[in-house]
Each structure stands twice: as C-alpha cells, then as structure tokens.
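The values are calculated or read from the model by the stated rules, or taken from the named source; none is laboratory data. Because the structure is predicted, anything quoted here is derived from the model rather than measured. Using ideal geometry, Cβ is built from the backbone for each residue, glycine included, and neighbour counts are taken over all protein chains shown.
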Amino acid sequence: MLKPRLEGVNEAEVLRYLGHRGGPVPEELLESIRVCTRQILDAARPRCVYRLFPLEQGQLIGSGLVLEGASIQRHLEGCVEGMLMAATLGPDVERLLLRTEVIDLAQALVLDSVASSAIENVCDNLEADLRAWCADRGLYLTGRFSPGYGDLPLSLQGPLCQCLDTARRIGLTVSSSGILMPRKSVTAILGCAPTPRRSAVPGCAACALREHCDRKKCRIFSENPE
C-alpha cells in the first residue's frame, strides 16, 4: 500500500485560491500564508486509500458503483482498469479550520486556501506514485476525475466512499448533501490504459457544481477557464 506524502504548499496556488491575479503581493499576506502553512503542516495527518477494478463497458466491475454521464465515459475511454482513490488531511486540520473561523475570518480564509493547496499536493503525489506503479505493469494512468466533475453526479460520493470503506480506513465520511468530512479531502476515479491518453477536464458549463462553486478554488476552472 502506497503511503500519502505531503511535501509542501504551493504559494502561487494559495494566492490564486485567494483571488490574487498578479502584481505585488503585500508582505502581510505573504507572512500570513507562511504562518498558516506552518499550522497546516503541523496539523495535517494525511491518509489515503485506493482500489483497482477491472473496467468493462465503462463500469468498474465489482465496485457496486454505476458511473453515469458522458464525461466519465470519455475519461475512461480505452482503459482496461479503473482506480478509485480517496485522500484526506485528517481531522486535526478540520478542527483547526473551525477554531480559526470563530476567532478570525480573514485568517481562516488564508488557512482554508493553504489547506486546499496541501490536499492537492497529497493527491498529486499519490497520483504520481500510482502512475509509476501502473507503468511497472505496462499501463498508463489517466488524471483524476471526481464526483461533480462534468456530468458525473456528486451523489456518487457516498457509494464511492462506501466502496473504499473510507470511514473505517481513513476517517472520511460523506454528509447527506455529498460533502466530504473532513472537508479537506478528495475522492477520484482514474483509468489505466495500455496506451498513453490525454484526459480532457470538462469546462465549467458542464460541471454539476457550477451554481455553487468558488471558481478561485476550482481545479476545473483553473485548467479550463471559460
């Protein structure tokens, strides 16, 4: 089993999450990011879980999931296996965020953005490790595709976590509205193909979360802005 790795926080990514669009960055903001980065790195206890399934006709055989929508089918086109993954920064980060929201909303916003960058780092590292593992088997891994991307229903979040037994294995649960708890967590589907593939991330117009998302923090928007 691969171990999760949190190697750091991308300051430029944090600034993007905060809505900064270039130009000089106030020193007070940079110092706040540094303070929050130390807090998140101290509090984070990253955990992850993943599982491989045979893929037939766009479905993960034996997973109990039904992958609905054209977006995920395009993403997995040409793949022979599918991978489910979940990762979280852990409950201590959630508690830190909640405490800070009560005390200092401005600091909480920076802390939230730093935590978002941190969980992306964990996921990027896990994806890289999974990609190397697939390469040893002569397969090529796609990028991550999460419930709520494109027309893949957010309601898949619960069954995906149940399939991976995330509550028991990494302490990750799902609310009745499909929100992951702790909040700084990610679930995703990846495909394993016999030939290299470029997986296009759908744009905002096709996203199931388009009415409620914060585009500054959205991976879809940052990679494919309208």
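Structure summary
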| item | result |
| --- | --- |
| Only one of CYS123, CYS79 that is under 18 Å from LEU55 (Cβ atoms) and not small (Gly, Ala, Ser) | CYS79 |
| Residues of segment 19-61 satisfying the condition of being modelled with pLDDT under 95 and under 19 Å from GLU120 (Cα atoms) | GLY19, HIS20 |
| Any hit, segment 159-166, residues being in a helix (DSSP H, G or I), in contact with a Phe, Trp or Tyr (Cβ under 8 Å, 6 or more places away or on another chain) and not β-branched (Val, Ile, Thr) | yes |
| Subset of segment 163-178 [in contact with a helix residue (DSSP H, G or I) (Cβ under 9 Å, 6 or more places away or on another chain), within 19 Å of VAL122 (Cα to Cα) and either surrounded by fewer than 20 Cβ atoms within 10 Å (Cβ to Cβ) or modelled with pLDDT under 95 (or both)] | ALA167, GLY171, THR173 |
| Residues of segment 181-198 that turn out to be under 25 Å from GLY69 (Cβ atoms), surrounded by fewer than 22 Cβ atoms within 10 Å (Cβ to Cβ) and not charged (D, E, K, R), as a count | 7 |
| Residue among ASP124, ASP129 that alone is modelled with pLDDT of 95 or more, under 14 Å from the mean Cα position of the chain (by Cα), surrounded by fewer than 21 Cβ atoms within 10 Å (Cβ to Cβ) and not in a loop (DSSP other than H, G, I, E, B) | ASP124 |
| Neighbours by Cβ (under 7 Å, 6+ apart or cross-chain): first from segment 1-19, at positive phi and assigned to a loop (DSSP other than H, G, I, E, B); second surrounded by fewer than 18 Cβ atoms within 10 Å (Cβ to Cβ) and at pLDDT below 95 | GLY19/LYS216 |
| Only one of LEU6, LEU89, LEU41, LEU96 that is crowded, with 19+ Cβ neighbours inside 10 Å and either closer than 20 Å to ALA167 by Cβ or under 19 Å from the mean Cα position of the chain (by Cα) (or both) | LEU89 |
| Options LEU67, LEU29, LEU55; residue that is under 21 Å from GLN157 (Cα atoms), in contact (Cβ under 8 Å) with a residue 24 or more places away in the chain, among the aliphatic types (A, V, I, L, M) and not in a strand (DSSP E or B) | LEU67 |
| Test: residue in segment 133-152 that is of a type in the set (Val, Ile, Thr), crowded, with 19+ Cβ neighbours inside 10 Å and either in contact with a Pro (Cβ under 9 Å, 6 or more places away or on another chain) or more than 14 Å from ILE189 (Cβ to Cβ) (or both) | no |
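To keep it simple, each residue is scored yes or no on (1) surrounded by fewer than 20 Cβ atoms within 10 Å (Cβ to Cβ); (2) in contact with a Cys (Cβ under 8 Å, 6 or more places away or on another chain).
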residue: ASN10; (1), (2): yes, no
residue: PRO26; (1), (2): yes, no
residue: ARG51; (1), (2): yes, yes
residue: GLY69; (1), (2): yes, no
residue: VAL80; (1), (2): yes, yes
residue: LEU84; (1), (2): no, yes
